[in-house]
Amino acid sequence: AATVREYEAILDRIAQEELRANIALKLTHLGLSFDKETAYANLERIVAHADRLGQFVRIDMEQSSFVESTFEIYERLRAAGHENVGVVLQAYLHRSPADLERLLPLTPNLRVVKGAYLEAPAIAYPEKHDVDNAYVRLVERALSGGAYVAVATHDERIIRHVQAFAEREEIGRERFELQMLYGVRPALQRRVAAAGYTVLVATPFGPDWYPYLMRRLAERPANLFFFLRNILRR
Ligand SMILES: Cc1cc2nc3c(=O)[nH]c(=O)nc-3n(C[C@H](O)[C@H](O)[C@H](O)COP(=O)(O)OP(=O)(O)OC[C@H]3O[C@@H](n4cnc5c(N)ncnc54)[C@H](O)[C@@H]3O)c2cc1C
């Protein structure tokens with residue numbers, strides 16, 4: 001309940017400051033590891049609060065063991081009439097193309113990512129090349145299928161590909177946005193925004209920065225160097 005109140009306070013603050021921002025949250029922070037009902041009830045409170053303020057809530061996607069319950073919670077929210085909520089598809093998961101087909105009838109708001117967790121080859125593509133191909137296929141299908149797509153990647157080749165695809169297929173720029181992490185490829189972020197695309201910069205918030213940092217380091221050990229350099233500069 002304290003976590004729910006914290007999110008409500010953040011939503012209030014975003015509204016007060018009239019920020020063009022939204023929150024993204026993890027269902028395990030709302031109790032999903034213990035009980036799906038609790039996670040649903042907590043999320044429903046946050047989404048309803050956000051709705052009263054005209055705001056949107058993104059449900060992050062976590063380890064593969066939570067994927068099914070996360071989609072079920074999303075579908076239940078949509079069935080209950082909540083439109084201001086979106087989910088994430090991880091391109092590395094073999095199941096994602098089927099999940100996309102399952103979600104498309106809802107005209108979902110989908111963030112597509114490559115996937116950040118260590119998963120077994122039976123569950124996720126181990127090779128970057130396969131993940132990149134799967135990523136592009138998911139984004140193209142999601143756009144063609146009527147979804148709003150948040151293309152969350154720093155992969156410039158993929159970003160250019162998606163922009164060209166949208167132009168070729170006459171898919172308007174209001175149908176998708178680019179999302180990148182705060183501090184990662186800032187020049188690319190500015191360039192894409194200057195070219196007239198919507199860009200969302202994602203930044204972590206709260207006391208759980210340690211697991212976040214560890215995931216970013218596992219993805220890219222070079223980040224340790226950036227992290228230490230920034231700490232030493234303070
Ligand atoms: C807005 C946002 C939300 C996300 N949400 C989720 C989620 O809900 N669930 C989930 O599993 N994953 C999530 N991710 C993480 C995602 O799955 C990838 O692990 C991460 O984005 C790195 O992959 P990439 O698409 O940038 O491509 P990559 O092929 O990994 O990287 C492409 C290039 O980008 C640069 N780059 C990438 N990452 C970094 C970095 N951390 N530091 C410095 N340079 C970097 C490098 O130049 C690299 O060559 C999210 C990512 C973003 C941007």
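Considering only the stretch 2-208, what is the antiparallel percent among its DSSP beta bridges, to the nearest 5? Mind showing how you got there, number by number?
Details: 1 of 22 bridges.
Just about 5 percent of them are antiparallel.
Mind giving me the FRET efficiency for residue 98 and residue 120? R0 is 22 Å, r the Cβ-Cβ distance, nearest 0.05 is fine. Display every interim value, and only then the final one.
Numbers: r = 18 Å, r/R0 = 0.82.
It comes out at approximately 0.75.
Charges were assigned to the Cβ only: +1 to each Lys and Arg, -1 to each Asp and Glu. The resulting dipole of the chain about its Cα centre is roughly 900 debye.
Probe of 1.4 angstrom, ligands and nucleic acids ignored: what's the accessible area per residue over the stretch 96-138, in square angstrom? Mind showing how you got there, number by number?
Numbers: 2200 Å² over 43 residues.
Heavy-atom accessible area per residue stands at 51 Å².
Of the residues 18, 72, 44, the one that moves most in a GNM of the chain with alpha-carbon contacts below 10 Å is 18.
Quick note on the chain: its Rg to Rh ratio, both from C-alpha atoms and Rh being the Kirkwood radius, is 0.94.
Counting alpha carbon pairs within less than 8 Å and at least 6 residues apart, what relative contact order, in whole percent, applies to the chain? This gives 12 percent for the chain.
Taking the protein heavy atoms of the chain in the context of the full set of protein chains, the accessible area attributed to carbon and sulfur is 55 percent at 1.4 Å.
The values are calculated or read from the model by the stated rules, or taken from the named source; none is laboratory data. What you see is a predicted model; the values in this text were computed from it and never measured. When we count neighbours, we look across all protein chains shown, and the Cβ atoms used for this are built from the backbone with ideal geometry, even at glycine. Each accessible area value is taken on the protein alone, full model and side chains, heavy atoms only, with ligands, DNA and RNA left out. Shrake-Rupley method; radii C 1.70, N 1.55, O 1.52, S 1.80 Å.
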